[in-house]
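Step one of this worksheet: look at the structure below.
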Amino acid sequence: MIYQLEVPRPIKDVEEVRVLEWHGAPGTAFTAGEMVVELETHKAVVEVRAGQRGHLRRIICEEGAWQKIGAPLAIFSDSPDERLPETADELTALAVSFAVI
């Protein structure tokens, strides 16, 4: 299955975050509880941890870039060789949210 990691919501009084650091590159396998990415608001650093197993397949928002709350950050899949969507519309149709804690 294909999953889309989104900027977590709600973060009180925050409309967008900056990606500080990815804790893996495409191809990295994560287990539940592992830190995936650190995000920065204007007031704090937010640690995003995997809530399920998955393989990071594509980073959509690179380190240093800003992204709106609820917008996509990356694509994950259950297996490392699963076919990825070619277009944004196809991704929207196939992907479900990647669980985070």
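The values are calculated or read from the model by the stated rules, or taken from the named source; none is laboratory data. Source: prediction; values computed, not measured. For neighbour counting, all protein chains shown are included, and Cβ atoms are generated from backbone atoms with ideal geometry for every residue, glycine included.
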Hits in segment 16-38 (condition: part of a strand (DSSP E or B) and either β-branched (V, I, T) or over 16 Å from H55 (Cβ atoms) (or both)) | E16, V17, R18, V19, L20, E21, V36, V37, E38
Over segment 85-101, the set of residues in a loop (DSSP other than H, G, I, E, B), aliphatic (A, V, I, L, M) and surrounded by 15 or more Cβ atoms within 10 Å (Cβ to Cβ) is A95, A99
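Does V36 qualify as being β-branched (V, I, T), crowded, with 19+ Cβ neighbours inside 10 Å and within 24 Å of R83 (Cβ to Cβ)?
yes
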Contacts under 7 angstrom Cβ, first residue in segment 26-55 being over 16 Å from S97 (Cβ atoms) and of a type in the set (D, E, K, R), partner surrounded by fewer than 13 Cβ atoms within 10 Å (Cβ to Cβ) and modelled with pLDDT under 95, 6 or more apart | E38/V45
